[in-house]
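One structure is given here, and the rest of the page talks about it.
The values are calculated or read from the model by the stated rules, or taken from the named source; none is laboratory data. Bear in mind the structure is a predicted one, so any value in this text is a computation, not a measurement. Quick reminder, even Gly has a Cβ in these numbers, built from the backbone with ideal geometry, and neighbours come from all protein chains shown.
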Amino acid sequence: MDLQGRIKLITAVQTFGNNGFQKREIVITTEEQYPQHVVFEFTQDKCALLDNYRIGQLVKISFNVRGREWINPQGEAKYFNSLQGWRIENMEVAQNQNMGMQTPPPIPPAPPADAFEPTNNYGNNDFDDLPF
């Protein structure tokens, strides 16, 4: 799945547990009638993908939806979702490249004025067989 928006926040890398699990979050704001602030997490080696991005940039994030179940101490099941990013693209660069490729072809030059001679045979009495 993909979602496009402007970067609102990029967090620092967080490290968890003894095995050194790493996570980094990014929040984008969608550009639609009712903008949404959507958080994505990039984990392990994917954390480095966010290094070259800044707040305000227009990006497209490719992600997977992850769901988890957690049983609380009272025995009740709770469910959590996360959006796990695996690719991020700078859409400002893509838009600029597309704009350059979509230039219209040049307009051919107009023919010279004497290429079309006016007709002067309006009063011609030649017979035609048209009924009107």
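Based on what the data block shows, is Tyr34 free of Cβ contacts under 8 Å to residues at least 60 places away in the same chain, part of a loop (DSSP other than H, G, I, E, B) and closer than 18 Å to Gln84 by Cβ? Full working, then the answer.
Details: free of Cβ contacts under 8 Å to residues at least 60 places away in the same chain: yes; part of a loop (DSSP other than H, G, I, E, B): yes; closer than 18 Å to Gln84 by Cβ: no.
So Tyr34 fails the test.
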- Among the candidates Ile10, Ile71, Ile55, single out the residue that is buried (at least 16 other Cβ atoms within 10 Å of the Cβ) and modelled with pLDDT of 95 or more. Ile10
- Message: Condition first: in a strand (DSSP E or B) and either under 21 Å from Val13 (Cα atoms) or in contact with a Cys (Cβ under 9 Å, 6 or more places away or on another chain) (or both). Now tell me which residues in the range 49-81 satisfy that.
- Response: Val59, Lys60, Ile61, Ser62, Phe63, Asn64, Val65, Arg66, Asn81
- Task: Please name all residue pairs, on different chains or six or more residues apart, with Cβ atoms under 7 Å, provided the first residue is in the range 44-65 and is closer than 14 Å to Gln84 by Cα and in contact (Cβ under 8 Å) with a residue 12 or more places away in the chain and the second residue is β-branched (Val, Ile, Thr) and surrounded by 10 or more Cβ atoms within 10 Å (Cβ to Cβ).
- Result: Cys47/Val13; Leu49/Ile88; Leu50/Ile10; Leu50/Ile26; Leu50/Ile88; Ile61/Ile28; Ile61/Ile88
- Confirm whether Ala77 is modelled with pLDDT of 95 or more, among the small types (Gly, Ala, Ser) and loosely packed, with under 10 Cβ neighbours inside 10 Å. yes
- Matching residues, the range 18-31, being surrounded by 14 or more Cβ atoms within 10 Å (Cβ to Cβ) and more than 14 Å from Leu83 (Cα to Cα): Gln22, Thr29, Thr30
- Of the residues Phe132, Phe127, Phe40, which single one is assigned to a strand (DSSP E or B), of a type in the set (Phe, Trp, Tyr) and either loosely packed, with under 14 Cβ neighbours inside 10 Å or modelled with pLDDT of 95 or more (or both)? Phe40
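How many residues are assigned to a strand (DSSP E or B) and under 17 Å from the mean Cα position of the chain (by Cα) if we restrict to the range 1-31? Walk me through it before giving the result.
Narrowing the range 1-31 to residues assigned to a strand (DSSP E or B): 2-10, 14-16, 21-29.
Filter once more, so that each one left must be under 17 Å from the mean Cα position of the chain (by Cα): 2-8, 26-29.
Residues that pass the stated criteria total 11.
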- Item | Cross-chain or 6+ apart pairs with Cβ under 8 Å, the range 13-31 first and farther than 30 Å from Glu92 by Cα, then surrounded by fewer than 17 Cβ atoms within 10 Å (Cβ to Cβ) and among the charged types (D, E, K, R) | none
